[in-house]
Amino acid sequence: MKNSKKGWHVHIEEQAKSSFTIQAYCKRHRLSTSMFYYWRRKLTVKAPEGSLQEIEVLSPIQTAPVIEVHLGPGKLIRIEGQVSALFLRELLQC
């Protein structure tokens, strides 16, 4: 499963939830760090600059330690800690 799209999606989510760096997580799970970065980049959806994209919130509370929303070159929203789905919807409607 680790070489499938779904398998990498699971690893990327689990690493984000963990306290491990990417390098430590990959070493612990015997994964290639370069493949981890490749799949993370491939599975990250980026909207064309200046366009809006609908976002689906999968759970009411986001438990990842950090959420980053890239809005274009030099435009980044970074949120640390738990965030409610309602807050994210309101923030992204601005």
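In segment 1-23, which residue that is more than 22 Å from Gln82 (Cβ to Cβ) and open to solvent by 90 Å² or more (accessible area, probe 1.4 Å) is modelled with the highest pLDDT?
Result: Gln23.
Quick one: count up the residues across segment 67-88 that are at positive phi and not in a strand (DSSP E or B).
Initial filter on segment 67-88 (at positive phi): 72, 74, 81.
Among the residues that remain, those that are also not in a strand (DSSP E or B) are: 74, 81.
The number of residues fulfilling the criteria is 2.
The values are calculated or read from the model by the stated rules, or taken from the named source; none is laboratory data. Just so we're clear, the structure is a prediction, and the values are computed from it rather than from any experiment. We place every Cβ from the backbone using ideal geometry, glycine too, and count neighbours over all the protein chains shown. With ligands, DNA and RNA removed, areas are computed over all heavy atoms of the protein, side chains included. Shrake-Rupley method; radii C 1.70, N 1.55, O 1.52, S 1.80 Å.
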